[in-house]
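Right, one structure below, let's go through it.
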């Protein structure tokens, strides 16, 4: 009978299904991860390049501003050197005139002594008045970013407590009253020194 021959054969899976499983394409996960990493790296490099470019532009702007300040200070230094040369020239002229006056006054020892005392007193008063005059010159110079720093430095050098107090009051509350008190003190101090 046939059931014997039927039972000796075992059912085999269809060939089509086995071939379909073998032909199924694999997903390229490694390539996708590599592509994402490359995109992130290129994006990061682009961002880094943009940041470096911005920093370079900022540094160039800072350099230009510093160069401008340096040029302004160099111009001021040149002017002050020129003014010093002119003042030295005038001082030389004053010294020449003083020598001529001393030669004319040699006839009388008493007159010579009197003139020397006056010159000494004048030089002393001039030396005492010079820092106050420098402050006034600085106050009336054109405004720039170093003007008030220079004035503060000059006020500190004088070591006049009242002047420092009035200047600090003006800096704390810059108004007409504190300005007049500060400048008025300088002018009265100059008058006091020059009256000697």
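For Rg/Rh (Cα atoms, Kirkwood Rh), the listed values are (1) 1.87; (2) 1.09; (3) 1.73; which was obtained by calculation from the structure presented? Calculated Rg/Rh (Cα atoms, Kirkwood Rh): the matching label is (3). The ranking of 153, 167, 146, 140 from fewest to most other beta carbons within 10 Å of each one's beta carbon is 140, 153, 146, 167. With neighbours defined as other Cβ atoms within 10 Å of a residue's Cβ, the residues 36, 135 order from fewest to most as 36, 135.
Computed over Cα pairs, the Kirkwood radius of the stretch 115-184 leads via Stokes-Einstein (0.692 mPa s, 37 °C) to a diffusion coefficient of 247 µm² per second. Helix 109-139 and the longest principal axis of the C-alpha atoms of the chain enclose an angle of approximately 30°.
Here the gap between residue 173 and residue 70, fully extended at 0.36 nm per residue and compared with their Cα-Cα distance, gives a gain of 34.0 nm.
GNM remark for the chain: springs join alpha carbons under 10 Å apart, and the peak mean-square fluctuation among 34, 105, 150 falls on 34. Using the Cβ-Cβ distance between residue 95 and residue 141 with R0 set to 45 Å, the FRET efficiency works out to roughly 0.95.
Contact order, relative form, for the chain: 14 percent (alpha carbon pairs under 8 Å, 6 or more residues apart, mean separation divided by residue count).
Between 0 and 90 degrees, the angle of helix 29-104 with respect to the longest Cα principal axis of the chain falls at about 10 degrees.
None of the figures in this text is laboratory data; all of them are computed from the coordinates on show. Just so it is clear, the model here is predicted, and its values are computed rather than measured. Reconstructed Cβ throughout: ideal geometry from the backbone, glycine too, with neighbour counts over all protein chains shown.
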